[in-house]
1. Which one, Q117, P91, L182, projects farthest toward the positive side of the charge dipole computed for the chain from Cβ point charges (K/R +1, D/E -1)?
2. Once you charge only the Cβ atoms, +1 for Lys and Arg and -1 for Asp and Glu, what is the size of the charge dipole of region 136-179 about its Cα centre, to the nearest 20 debye?
3. Report ³J(HN,Hα) in whole Hz for each residue of region 150-159, in order, from the Karplus equation J = 6.51 cos²θ - 1.76 cosθ + 1.60 where θ = phi - 60°; Gly and Pro get x.
4. What's the center-to-center distance, using Cα atoms, between region 102-162 and region 40-93 in Å?
5. Quick one: of K112/K190; K44/K121; K44/K68; K121/K190; K112/K167, which pairs are farther than 26 Å apart, Cα to Cα?
6. Got a number for the accessible area of V38? Probe 1.4 Å, square angstrom, nearest 10.
7. Using the Cα centre as the reference, give the magnitude of the dipole from point charges on the C-beta atoms of region 98-156 (Lys, Arg: +1; Asp, Glu: -1; all else neutral), rounded to the nearest 20 debye.
8. Could you state the angle between the C-alpha long axis of helix 108-121 and the longest principal axis of the C-alpha atoms of the chain, as a value from 0 to 90 degrees rounded to the nearest 10?
Amino acid sequence: IGHNLILDHVHPNQAGQALIAHEFLQWLDRAHFVGHAVQLARMKPWADYVAGMDITAIDDRIVAHTVKTLTTRWPFVPVAQDQDYRGTYHPTGVVDSLAFLASAGLPWRQAKVEVGQYYEKAGFPDSALAEYRGLVRDMPTQAFPYELAGRALMEMKRPADAIPLLKRAYAIRPSPYTAFALGTDAAQHKDLQDAALYLREAAALDPRSPQVVYQLSLTLALMRD
């Protein structure tokens, strides 16, 4: 098929995966979805779904290191030409270093979190958000990816986008941060009942936080409690 669609000898790259998915959908459509009612008008443009794969630079580098490790050894080259790619490669920068480690066994989730935190500390919350969206895609039943993405959006001053993610995280597993953030947002919107509910939860989860107790006290005062 070619390296425009295949990584090594059999595994599709990002474009290959998107093409397979698109063709699969087309053939389901031609088969009338085996008698199931489908509203294709609700679909977004296909480019949106490809973008929704949320592949970032570290993912590309993990792939590059993995493929290079594989294809510099037999059977891709004669045994006499085997190379020790991992033993001779020198990473260039934080992202490449984490990608190199991930290609050699560091859990992908850990690498994504660490590179996201690196971007946040460097003042690039938008780049951090891209990493966290990848985690959300891969682990939609876990709370922490939604919380990390919500935090990044809060840093970007986009609370309207952050709150739905924080609510999703809270619904899966409340944390001091999600409870406090949702309580503060509710208070700012004069929804004092919800604010008190969230802030009481935050205080229960983190009773030693002056910030939480102070915000709860303000909310209760406004409720004349």
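1. Value computed over the given set: L182.
2. My answer is approximately 80 debye.
3. In residue order, the calculated couplings are x, 4, 4, 5, 5, 4, 7, 6, 10, x Hz.
4. Region 102-162 and region 40-93 have Cα centres separated by 20 Å.
5. In this structure, K112/K190; K44/K121; K44/K68; K121/K190 lie more than 26 Å apart at Cα.
6. 70
7. It comes to approximately 120 debye.
8. 60
The values are calculated or read from the model by the stated rules, or taken from the named source; none is laboratory data. Keep in mind it's a predicted model, so treat the numbers as computed, not measured. Ideal geometry is used to build each Cβ from the backbone, glycine not excepted, and the neighbour counts take in all protein chains shown. Just the protein is used for accessible areas: all its heavy atoms, side chains included, with ligands, DNA and RNA removed. Shrake-Rupley method; radii C 1.70, N 1.55, O 1.52, S 1.80 Å.
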